[in-house]
Amino acid sequence: MRSARDFKKRYVIAVLLLAIVAYGILKVANFSPFEESVIQRQQINSSTTLYVTEGSAGATTKNVYQYYLVPSEVAESDFLKQAGDKYKSFLSTSDENVKMQINSSAIHLSVKGDVYHFTNAASYSTTIYLTSSPF
């Protein structure tokens with residue numbers, strides 16, 4: 001019976017090890033310590049919604065607050081899936097108490113703290129004004 005075909009244990013072990021290594025590489029590649037959650041949602045006009053998110057990368061880093069302008073028909077769950085890729089923030093700051101006023105589709109923001117990124121070239125027929133001070 002030595003000439004009979006048989007399943008070799010070493011091939012099974014090699015395939016299982018390869019599958020475990022591939023799974024580990026996939027998990028490490030998709031790991032991100034950055035967590036982002038929506039803390040405020042406000043309607044700007046009939047076509048635009050403002051989302052404010054709080055992002056945390058861990059206990060030793062400051063929280064980052066990001067401001068996004070998104071079409072009104074986009075659901076919050078869809079926004080969170082595509083935040084950063086499809087939807088870019090127009091303001092990133094360390095200030096959790098940004099004063100915000102909305103007057104006829106214009107957004108007035110007053111920031112005290114670090115501003116990491118700002119652009120007022122956002123679309124969706126909205127004008128953005130920023131006042132910033134370090135303290």
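Looking at segment 64-74, can you tell me whether even one residue there is surrounded by fewer than 12 Cβ atoms within 10 Å (Cβ to Cβ) and at pLDDT 85 or above? Yes, the conditions are met somewhere in segment 64-74. The set of residues in segment 59-103 being of a type in the set (Val, Ile, Thr) and either more than 20 Å from TYR116 (Cα to Cα) or in contact (Cβ under 8 Å) with a residue 12 or more places away in the chain (or both) consists of VAL64, VAL70, VAL74, THR93, VAL98, ILE102. Take the residues in segment 69-94 that are among the β-branched types (Val, Ile, Thr) and in a strand (DSSP E or B), then tell me which one is nearest to THR127 (Cα to Cα). Within segment 69-94, the match that is nearest to THR127 (Cα to Cα) is VAL70.
Here is a yes/no grid of residues against (1) among the β-branched types (Val, Ile, Thr); (2) in a strand (DSSP E or B); (3) over 17 Å from SER132 (Cβ atoms); (4) under 13 Å from the mean Cα position of the chain (by Cα):
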| position | (1), (2), (3), (4) |
| --- | --- |
| VAL21 | yes, no, yes, no |
| ILE39 | yes, yes, yes, yes |
| THR53 | yes, yes, yes, yes |
| TYR67 | no, yes, no, yes |
| GLU96 | no, no, no, no |
| GLN101 | no, yes, no, no |
| SER110 | no, yes, no, no |
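The values are calculated or read from the model by the stated rules, or taken from the named source; none is laboratory data. Just so it is clear, the model here is predicted, and its values are computed rather than measured. Here the Cβ is made from the backbone with ideal geometry for all residues, glycine too, and neighbour counts use every protein chain on show.
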